[in-house]
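Novice: Okay, here's the structure, questions in a sec.
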Protein chains: 4
Amino acid sequence: MPWDLKPDRPIYVQLVEQIEQMILSGVFPPGSKLPSVRDLAKEASVNPNTMQRALSELEEEGLIITHRTSGRSITEDAGMIEKARIRIARNHVDEFLEKMQKLGFDRKEILSLITEMIQEVEK
Amino acid sequence: MPWDLKPDRPIYVQLVEQIEQMILSGVFPPGSKLPSVRDLAKEASVNPNTMQRALSELEEEGLIITHRTSGRSITEDAGMIEKARIRIARNHVDEFLEKMQKLGFDRKEILSLITEMIQEVEK
Amino acid sequence: MPWDLKPDRPIYVQLVEQIEQMILSGVFPPGSKLPSVRDLAKEASVNPNTMQRALSELEEEGLIITHRTSGRSITEDAGMIEKARIRIARNHVDEFLEKMQKLGFDRKEILSLITEMIQEVEK
Amino acid sequence: MPWDLKPDRPIYVQLVEQIEQMILSGVFPPGSKLPSVRDLAKEASVNPNTMQRALSELEEEGLIITHRTSGRSITEDAGMIEKARIRIARNHVDEFLEKMQKLGFDRKEILSLITEMIQEVEK
DNA sequence: GTGGTCTAGACCACC
DNA sequence: GTGGTCTAGACCACA
């Protein structure tokens, strides 16, 4: 598990992103129970308050459900999760393409650069 | 001219990015003179100090040269500019790939999604 | 403690040098916590912004690490510190040799003069 | 001839230093006539006012003499020149040694580092 | 007029 | 309380 927190951006934002990714990528499957705030905080070496704040945000997004007595769990609506995954991905692509086009890259160049770099990473 | 500054990130960072792009896209051609700090600041409705900081960063990058008493100019070294363009592009690709992989997309999926969307944009 | 600031060079540069030296000479040991910007500024009778700028430079050099909400500390990487010490020393030697050569001293003369004077100091 | 002027320090200071060095190293021998301000300025690609200012400083130091009608010349007092050369050199060594000792280098280390670097330069 | 530096004072997000 | 950012306004050396 990552939990790589850098001091350049707010901790709680990074926690939101990382937990989001764990949900969307299936580390926490739909309907599964989430560890307690305390445990999550300890695992991420973070103040419980900070973890608390991150979970609240995820609840607002609808990815997490709070049960009054028995902790939190991932939403059971698998469709919703998949939809979120696609939506976020398309956003990333959109932003990426816009930035590259502003730099004067055309489609061909973008594709060739990205395939080149994707193979470097592979090593 | 852009100068659209949003309050979500430091202004000086956005200034750096926007001026960077003006240089890379030829709004300020290599070797040309840059308006004075005060003029640029006024135009962007920003405090001169903030603009100054942005320009200093661009100087560290090697895109801008400052002549102590007679203003600043864009570097004449076209190679320098091209290098900056590549560097920035690779940064964008890096960030993009990292985000997508965290969402659980593998190389093949990333490439197919991006080629799909790049053709939508084309229309 | 030094904090002798002369008006002939930018204050923030002198601050960088002096703090640098405190780190290299062990006044602030590796891993130790640094006083807050405000405290340091007050101690040096300097505006907090000026001190902040000095600390930012030290961070870029890798000598200092900043924890967004809990202050700054000296890097724990002793190698980093040693590298800085060498880098600065070589700079001094470079500047020194250049000055001497411009005065028309050749290698032999430089070495003999310096060995002579180094022994005077010894007394 | 050097005339390498960098934009990081006042031009006229650099001119003073470089002309000083030419005198002390014998490029302009004692008693010899100095080119006119205009010529010197043209050669250094500098505004005559700036060169003028540099020469005034050298005059104050006593290295240069102005003849009301026939330009300037180097002082004829060869002893004075040699004394200045030595004095300045010893100052450089002093400053250098002090800096190195502050960095924690002892005599042996200083000598070994300097002999090492002096040979690198030689290549 | 140009860039560079500094001060004073303020506000913000974060923990 | 911490660092980070921004504004406003000032002064300086330089050409």
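The values are calculated or read from the model by the stated rules, or taken from the named source; none is laboratory data. Just so it is clear, the structure is predicted and the values come from calculations on it, not from any experiment. Reconstructed Cβ throughout: ideal geometry from the backbone, glycine too, with neighbour counts over all protein chains shown.
Novice: Against the condition modelled with pLDDT of 85 or more, surrounded by 13 or more Cβ atoms within 10 Å (Cβ to Cβ) and over 30 Å from B:Val93 (Cα atoms), how does A:Pro48 come out, does it pass? Give the steps one after another, and end with the answer.
Specialist: Numbers: modelled with pLDDT of 85 or more: no; surrounded by 13 or more Cβ atoms within 10 Å (Cβ to Cβ): yes; over 30 Å from B:Val93 (Cα atoms): yes.
No; evaluated as a whole, the condition is false for this residue.
Novice: Do you know which of the residues in segment A:1-19 that are surrounded by 14 or more Cβ atoms within 10 Å (Cβ to Cβ) and within 16 Å of DNA strand F (Cβ to nearest atom) is nearest to the chain's Cα centre (by Cα)?
Specialist: Of everything passing the filter in segment A:1-19, A:Gln14 is nearest to the chain's Cα centre (by Cα).
Novice: Which of the numbered conditions does A:Phe28 fail, given that it passes all the others? Conditions: (1) closer than 19 Å to B:Glu98 by Cα; (2) modelled with pLDDT of 85 or more.
Specialist: Unmet for A:Phe28, out of (1) closer than 19 Å to B:Glu98 by Cα; (2) modelled with pLDDT of 85 or more: (1).
Novice: Name the residue that is farthest from DNA strand E (Cβ to nearest atom), counting only residues in segment B:32-54 that are touching a residue at least 40 places away in the same chain (Cβ under 8 Å) and away from every other protein chain (no Cβ under 14 Å).
Specialist: The first filter runs over segment B:32-54 and keeps only residues touching a residue at least 40 places away in the same chain (Cβ under 8 Å), leaving B:32-34, B:43-46, B:53-54.
With away from every other protein chain (no Cβ under 14 Å) added as a condition, the list becomes B:32-34, B:43-46, B:54.
Values: B:Ser32: 13, B:Lys33: 9, B:Leu34: 6, B:Glu43: 13, B:Ala44: 14, B:Ser45: 16, B:Val46: 14, B:Ala54: 11 Å.
Among them, the one singled out is B:Ser45.
Novice: Let me ask something else. If we keep just the residues of segment B:3-17 that are touching an Asp or Glu at 6+ places or on another chain (Cβ under 8 Å) and assigned to a helix (DSSP H, G or I), which is farthest from B:Met51 (Cα to Cα)? Give the derivation first.
Specialist: Filtering segment B:3-17 down to residues touching an Asp or Glu at 6+ places or on another chain (Cβ under 8 Å) leaves B:3, B:12, B:16.
Cutting the leftovers down to assigned to a helix (DSSP H, G or I) gives us B:12, B:16.
Details: B:Tyr12: 7, B:Val16: 9 Å.
By that ranking, first place goes to B:Val16.
Novice: State whether the residues of segment B:66-76 include one that is surrounded by fewer than 16 Cβ atoms within 10 Å (Cβ to Cβ), within 16 Å of DNA strand E (Cβ to nearest atom) and modelled with pLDDT of 90 or more.
Specialist: Step one: list which residues in segment B:66-76 are surrounded by fewer than 16 Cβ atoms within 10 Å (Cβ to Cβ), which gives B:67-71, B:76.
Cutting the leftovers down to within 16 Å of DNA strand E (Cβ to nearest atom) gives us B:67-71.
Restricting the remaining residues to those that are modelled with pLDDT of 90 or more gives B:71.
Yes.
Novice: Ok, one more. Count, please, the residues in segment C:20-48 that happen to be among the β-branched types (Val, Ile, Thr) and within 13 Å of DNA strand F (Cβ to nearest atom). Spell out the reasoning first.
Specialist: Restricting attention to segment C:20-48, the residues satisfying the condition of being among the β-branched types (Val, Ile, Thr) are C:23, C:27, C:37, C:46.
Keeping just the survivors that are within 13 Å of DNA strand F (Cβ to nearest atom) gives C:37.
So the answer is 1.
Novice: Then there is this: Residue under question is A:Ile65, and the condition is that it be outside any loop (DSSP other than H, G, I, E, B) and under 20 Å from B:Gly104 (Cβ atoms); does it hold? Spell out the reasoning first.
Specialist: Working: outside any loop (DSSP other than H, G, I, E, B): yes; under 20 Å from B:Gly104 (Cβ atoms): no.
No; evaluated as a whole, the condition is false for this residue.
Novice: From (1) more than 16 Å from DNA strand F (Cβ to nearest atom); (2) over 30 Å from C:Gly26 (Cα atoms); (3) surrounded by 13 or more Cβ atoms within 10 Å (Cβ to Cβ), pick out the condition that doesn't hold for D:Leu111.
Specialist: All conditions are met except number (2).
Novice: Within the set of pairs 6 or more residues apart or between chains, which connect a residue that is over 25 Å from B:Pro10 (Cα atoms) inside segment A:10-22 to a residue that is of a type outside the set (A, V, I, L, M) and part of a helix (DSSP H, G or I) with Cβ atoms less than 8 Å apart?
Specialist: A:Glu20/A:Glu61; A:Gln21/B:Lys102
Novice: Is it true that some residue in segment B:76-97 is touching a Pro at 6+ places or on another chain (Cβ under 8 Å) and not in a helix (DSSP H, G or I)? Explain how you work it out, then say what you get.
Specialist: Filtering segment B:76-97 down to residues touching a Pro at 6+ places or on another chain (Cβ under 8 Å) leaves B:76-78, B:81.
Checking which are not in a helix (DSSP H, G or I) leaves us with B:76-77.
Within segment B:76-97, one or more residues are touching a Pro at 6+ places or on another chain (Cβ under 8 Å) and not in a helix (DSSP H, G or I).
Novice: Also, quick follow-up: Within the set of pairs 6+ apart or on separate chains, which have a first residue in segment C:68-97 that is at positive phi and away from every other protein chain (no Cβ under 11 Å), a second that is outside any strand (DSSP E or B) and at pLDDT 90 or above, and C-beta atoms under 9 Å apart?
Specialist: As it stands, the answer is C:Gly71/C:Pro35; C:Gly71/C:Ser36; C:Gly71/C:Val37, since those pairs meet every condition given.
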